[in-house]
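Written below as structure tokens is the structure these notes are about.
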2 protein chains.
Amino acid sequence: MLFDKLALEPLFEKIDELQPAFIDRLRRSIAIPSVSSDESLRPKVVEMAAFLVNELTTLGFADIQLKDLGKQPPPVNNPDLLLPPIVLARFGNDEKKKTVLVYGHYDVQPAGLEDGWASEPFEMTHDEQAGILYGRGSTDDKGPVMGWLNVVEAHNALGWELPVNLVVCFEGMEESGSLGLDGLIAREAKNYFKGVDAVCISDNYWLGTTKPVLTYGLRGCNYYQVLISGPGADLHSGIFGGVVAEPMTDLVQVLSLLVSSDGTILVPGIDEMVAKLTPEEDALYDDIDFSVDELQAALGSKTALYDNKKDILKHRWRYPSLSIHGVEGAFSGAGAKTVIPAKVTGKFSIRTVPDIDLAKLDLLVFAHVTKAFKQLNSKNQMKVELIHDGDYWKSDPFNESFTAASKATEHVWNVKPDFTREGGSIPITLTFEKELGTQVLLLPMGRGDDGAHSINEKLNVSNYINGCKTLGGYLHYYGQ
Amino acid sequence: MLFDKLALEPLFEKIDELQPAFIDRLRRSIAIPSVSSDESLRPKVVEMAAFLVNELTTLGFADIQLKDLGKQPPPVNNPDLLLPPIVLARFGNDEKKKTVLVYGHYDVQPAGLEDGWASEPFEMTHDEQAGILYGRGSTDDKGPVMGWLNVVEAHNALGWELPVNLVVCFEGMEESGSLGLDGLIAREAKNYFKGVDAVCISDNYWLGTTKPVLTYGLRGCNYYQVLISGPGADLHSGIFGGVVAEPMTDLVQVLSLLVSSDGTILVPGIDEMVAKLTPEEDALYDDIDFSVDELQAALGSKTALYDNKKDILKHRWRYPSLSIHGVEGAFSGAGAKTVIPAKVTGKFSIRTVPDIDLAKLDLLVFAHVTKAFKQLNSKNQMKVELIHDGDYWKSDPFNESFTAASKATEHVWNVKPDFTREGGSIPITLTFEKELGTQVLLLPMGRGDDGAHSINEKLNVSNYINGCKTLGGYLHYYGQ
């Protein structure tokens, strides 16, 4: 162990030395607004794939492939819209070494100054005093993706071989349901991905802001929309208010029957599918380093639904939740517009946990929404549909891969990581595990307050640089 | 009577002759996106005022004034935002003639191709085969405003004097609560508007699509917003779903308690303020030329709340209605975004009728919303406020001004107009009546299916040109 630690010092020093170049790489990647959910920005997502190909080529990766995934399935505005390609590449091909596949995504959530960002979201802002890098994708997931490239660059600069064969798989649709990725993994399991021993994904966050974690469980996410339509076009509420069935009135009624203000899901039958809490599992939550204060700080408010650590962790990790995200088609601007919207679409999603059956969940949601709408006796039309889904995942935190990551983390941060689960979903975790039959490790880089999917998304410089060291260290400990 | 009809023939022929110039005037006015509710477009609203000044000057109007109304009161994003000016001008100052004040507004509702317009809303499209002019403001209210200018141009071209002294009052905030206009009318009642005998407003529509109407009643409109806020910024629903009180969950609950799908307002105490329906009033609805089919055609759907003419007319004219217009701050785009919005604002309005007391209505709404939110026991913050209001109005359809308009309409269209009320609000109607102590007449130009406030707003060429004749004819019959 002592040997390992000393052996890694040159690598860590090189990473420190290359910090300016690594920050510049992140800056260049953030400058490309690769928003996968905005069809008009699809060319930028493709541009981001080309950016990666260029970086991989320069670093000496081999067998670089852009995997075409064909057209994006409905619902889409443009029926000919192509999915962004999946970027595959490998570094090293030594049969004596283990092979690690690292996954990341190069697409990002939407962002705009009008949402309340303090600075242009697609121009990285470096607060040198605070040591923080702001920008859309900084922590989710461009920071970690650049992290893997940085690890290779540091080895190259030292003239070192990598301790493992590295295979990278970077996708461009993670924020929009990872469309096409499942199929690709299935197709490549025995081809491009043949011989992979372990999969490492860096696409989540520490639980809090001070202690590193390794993650062995994720919630899934089923995303639904309820579309209610009536009039042929938007109407003036003065002329038609009171004489027409208003879609927005119906939608609000339906949405109000999904979840109560205390977080209780009102769709019957879901609770019954959730795995019962055992005394053993209950005890696990005692030791996690986390506090209600930390949650309130991340929230920026005192609006947590629970006042104790254990309830918070359980509701984040092992119970489902339902969020209403918004309404498409209604008036959404500032000021006052006296419109009766003709067609409105409510968006909501359910975070899933063991042992919820996704197909059964869909049926329960469809039945509940259909019944709720029917009770309204409305003359409008209603359609409820699943936009995308991804199952939950739970692994063994004591396997070989987690043990290597634990050693690397402790080496870099001088503290044993907490073993945590996550509320968010990375559906592909499960797919890799099933299709490749390998261990999957979640090794986060950013902190719990990074604001992924929110305004002013950030990554601390210390997390970025120590994160690179941890990723590199993991490859060495695992490669032994 | 026979004399009058013959006497007006040259005027009507001149209007026909000038049709191309009149259509071009409308085209030029539509090209200016004078959207009063969009602060960023305020310079365009001011540009539209300048356009009017130029036209009025060219036509020989005198005493042209741009009345400064100062800063726009909160809520505004820019606290220094200036209100657009009110344009005043007069044509003729003969003490032997009566004086008619004509009011119109030069601002418009928002519009964009992304709302579903078939053509660019701020470029007028002339469908010559169908005889239809498409564009934002074509019918509401740039068509009628240009109509008054056209009447003067036709008189000038004939070398005729106007039969009355004309005073014009054109405002730029009608679509945003007519801010500042009440005060201006009060200030100018004994100054610029001194000696006005009648006010004519052309800013509403026929009930249907074939028969002209004169309008003697309007509903008012109180526009409210409910703001619910919690977290300091938008959150990722994976990380925080289930552990934070979500503002959107609360908002949906509150909005669901405002109105039911059959149109019933759920705020207690409003019904009690509505004037009781007498058998005499009930009988009035028998003779109006209107059908359920006509409504369904205007709706573009079979989603009317009532299946008979009388109920429809009553709910449009003499009963209040509540419409939910949308939500500001939530996800409103296409696709799927897994956000927990931090601050959401629900927008709704109530159309008011005799004898609803506006101040009392506000108190009832505030109390109901406050109670609804309190019942949720939410940790979020809620604020409900009035954005703008305007009272209802009801006049005597047999006075001198209505009688002149009735004769002019019959002359142009060869049919006696229906006397109707309107569901929409033109709050200023009431202010003119009170402050000037004069009769106010509503003389509409467009049809019931023109799509004011909606996509593909239009004005039929026949309505535009015959509308000019009717406006001109009204001045002659009233001037006698």
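The values are calculated or read from the model by the stated rules, or taken from the named source; none is laboratory data. What you see is a predicted model, and the numbers here were worked out from it, not measured in a lab. Here the Cβ positions follow ideal geometry from the backbone for every residue, glycine too, while neighbour counts run over all protein chains shown. When the accessible area is computed, the model is the full protein with side chains, heavy atoms only, and any ligands, DNA or RNA have been set aside. Shrake-Rupley method; radii C 1.70, N 1.55, O 1.52, S 1.80 Å.
Could you check residue B:252 against (1) closer than 30 Å to residue B:379 by Cβ; (2) touching a residue at least 60 places away in the same chain (Cβ under 8 Å) and say which number it fails?
Result: residue B:252 fails condition (2) only.
Looking at segment B:173-211 only, could you name the residues that are within 27 Å of residue B:349 (Cα to Cα) and among the aliphatic types (A, V, I, L, M)?
Within segment B:173-211, B:173, B:179, B:181, B:184, B:185, B:186, B:201, B:207 meet the criteria.
Being touching a Ser or Thr at 6+ places or on another chain (Cβ under 9 Å), buried (at least 23 other Cβ atoms within 10 Å of the Cβ) and over 25 Å from residue B:469 (Cα atoms) is true for just one of B:121, B:84. Which residue is that?
The unique qualifying residue is B:84.
Starting from residues that are in contact (Cβ under 8 Å) with a residue 40 or more places away in the chain, in contact with a Lys or Arg (Cβ under 7 Å, 6 or more places away or on another chain) and within 14 Å of chain B (Cβ to nearest Cβ), keep the ones in segment A:289-303 and report whichever is farthest from residue B:380 (Cα to Cα).
A:290
Which of (1) buried (at least 22 other Cβ atoms within 10 Å of the Cβ); (2) under 26 Å from the mean Cα position of the chain (by Cα) is the odd one out, the single condition residue B:187 does not satisfy?
Of (1) buried (at least 22 other Cβ atoms within 10 Å of the Cβ); (2) under 26 Å from the mean Cα position of the chain (by Cα), only one is false for residue B:187: (1).
Can you name the residue in segment B:385-428 that is charged (D, E, K, R) and more than 30 Å from residue A:338 (Cβ to Cβ) and, of all such residues, is surrounded by the most Cβ atoms within 10 Å (Cβ to Cβ)?
B:407
With modelled with pLDDT of 95 or more and in contact with a Cys (Cβ under 9 Å, 6 or more places away or on another chain) as the only criterion, which of B:461, B:440 stands out?
Result: B:440 is the single residue among B:461, B:440 that is modelled with pLDDT of 95 or more and in contact with a Cys (Cβ under 9 Å, 6 or more places away or on another chain).
Just for segment B:435-480: of the residues that are assigned to a loop (DSSP other than H, G, I, E, B) and either of a type in the set (A, V, I, L, M, F, W, C) or away from chain A (no Cβ under 14 Å) (or both), which one is most open to solvent (accessible area, probe 1.4 Å)?
Taking the candidates together, the pick is B:480.
Check segment B:266-278 and report whether any residue there is at pLDDT 95 or above and within 11 Å of chain A (Cβ to nearest Cβ).
The answer is yes, given that some residue of segment B:266-278 is at pLDDT 95 or above and within 11 Å of chain A (Cβ to nearest Cβ).
Every residue, every condition in (1) assigned by the TED database to the domain that holds residue A:424; (2) touching a residue at least 24 places away in the same chain (Cβ under 8 Å); (3) under 26 Å from the mean Cα position of the chain (by Cα); (4) over 19 Å from residue A:427 (Cβ atoms), yes or no:
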residue: A:196; (1), (2), (3), (4): yes, yes, yes, no
residue: A:200; (1), (2), (3), (4): yes, yes, yes, no
residue: A:207; (1), (2), (3), (4): yes, yes, yes, yes
residue: A:225; (1), (2), (3), (4): no, yes, yes, no
residue: A:228; (1), (2), (3), (4): no, yes, no, yes
residue: A:231; (1), (2), (3), (4): no, yes, no, yes
residue: A:238; (1), (2), (3), (4): no, yes, no, yes
residue: A:246; (1), (2), (3), (4): no, yes, no, yes
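Starting from segment A:39-59, take each residue that is within 15 Å of residue A:89 (Cβ to Cβ) and list its partners that are among the acidic types (Asp, Glu), counting only C-beta distances under 7 angstrom and pairs at least six apart or across chains.
A:59/A:153
Counting only residues that are within 14 Å of another protein chain (Cβ to nearest Cβ) and open to solvent by 50 Å² or more (accessible area, probe 1.4 Å), which one in segment B:28-74 is nearest to residue B:189 (Cα to Cα)?
If we take residues in segment B:28-74 being within 14 Å of another protein chain (Cβ to nearest Cβ) and open to solvent by 50 Å² or more (accessible area, probe 1.4 Å), then B:73 is nearest to residue B:189 (Cα to Cα).
Give me a count of the residues in segment A:222-240 that are within 7 Å of chain B (Cβ to nearest Cβ) and closer than 20 Å to residue B:247 by Cβ.
Total meeting the criteria: 1.
Considering only segment B:1-27, state which residues are of a type in the set (Phe, Trp, Tyr) and open to solvent by less than 60 Å² (accessible area, probe 1.4 Å).
B:12, B:22
Count, please, the residues in segment B:304-320 that happen to be within 7 Å of chain A (Cβ to nearest Cβ) and either at positive phi or of a type in the set (Lys, Arg) (or both).
1
Could you please let me know if residue A:344 is modelled with pLDDT of 95 or more, more than 11 Å from chain B (Cβ to nearest Cβ) and within 16 Å of residue B:252 (Cβ to Cβ)?
Considered against the rule, which asks whether it is modelled with pLDDT of 95 or more, more than 11 Å from chain B (Cβ to nearest Cβ) and within 16 Å of residue B:252 (Cβ to Cβ), residue A:344 comes out as no.
Considering each residue of segment A:321-335, count those that are more than 7 Å from chain B (Cβ to nearest Cβ) and either buried (at least 24 other Cβ atoms within 10 Å of the Cβ) or not in a loop (DSSP other than H, G, I, E, B) (or both), and give that number. Before you say what the answer is, go through the steps one by one.
Here is the first cut: in segment A:321-335, the residues more than 7 Å from chain B (Cβ to nearest Cβ) are A:322, A:329.
If we keep only those that are either buried (at least 24 other Cβ atoms within 10 Å of the Cβ) or not in a loop (DSSP other than H, G, I, E, B) (or both) as well, we get A:322.
Residues that pass the stated criteria total 1.
If I ask for residues that are in a helix (DSSP H, G or I) and within 14 Å of chain B (Cβ to nearest Cβ), which ones from segment A:372-404 would you list?
Start the filter on segment A:372-404 by keeping residues that are in a helix (DSSP H, G or I), which leaves A:372-375, A:400-404.
Listed by number, the residues that qualify are A:372, A:373, A:374, A:375.
Does segment A:78-101 hold any residues that are closer than 18 Å to residue A:180 by Cα and among the polar types (S, T, N, Q), and which are they?
Of everything in segment A:78-101, just one residue is closer than 18 Å to residue A:180 by Cα and among the polar types (S, T, N, Q), namely A:78.
Quick check on my filter: what residues within segment A:241-265 are closer than 30 Å to residue B:118 by Cα and within 7 Å of another protein chain (Cβ to nearest Cβ)?
Within segment A:241-265, A:241, A:242, A:243, A:244, A:245, A:246, A:248, A:249, A:250, A:252 meet the criteria.
Condition first: part of a loop (DSSP other than H, G, I, E, B) and touching a residue at least 24 places away in the same chain (Cβ under 8 Å). Now tell me which residues in segment A:86-104 satisfy that.
Within segment A:86-104, A:92, A:93, A:94, A:97, A:98 meet the criteria.
Can you tell me how many residues within segment A:340-383 are under 21 Å from residue A:271 (Cα atoms) and either touching a Cys at 6+ places or on another chain (Cβ under 8 Å) or open to solvent by 10 Å² or more (accessible area, probe 1.4 Å) (or both)?
The number of residues fulfilling the criteria is 18.
Hey, among A:297, A:304, which residue is over 30 Å from residue B:353 (Cβ atoms) and either charged (D, E, K, R) or open to solvent by 20 Å² or more (accessible area, probe 1.4 Å) (or both)?
Result: A:297 is the single residue among A:297, A:304 that is over 30 Å from residue B:353 (Cβ atoms) and either charged (D, E, K, R) or open to solvent by 20 Å² or more (accessible area, probe 1.4 Å) (or both).
Taking the residues in segment A:148-176 that are assigned to a loop (DSSP other than H, G, I, E, B), in contact with a Pro (Cβ under 9 Å, 6 or more places away or on another chain) and surrounded by fewer than 24 Cβ atoms within 10 Å (Cβ to Cβ) as candidates, determine which candidate is farthest from the other protein chains (Cβ to nearest Cβ).
So the residue we want is A:160.
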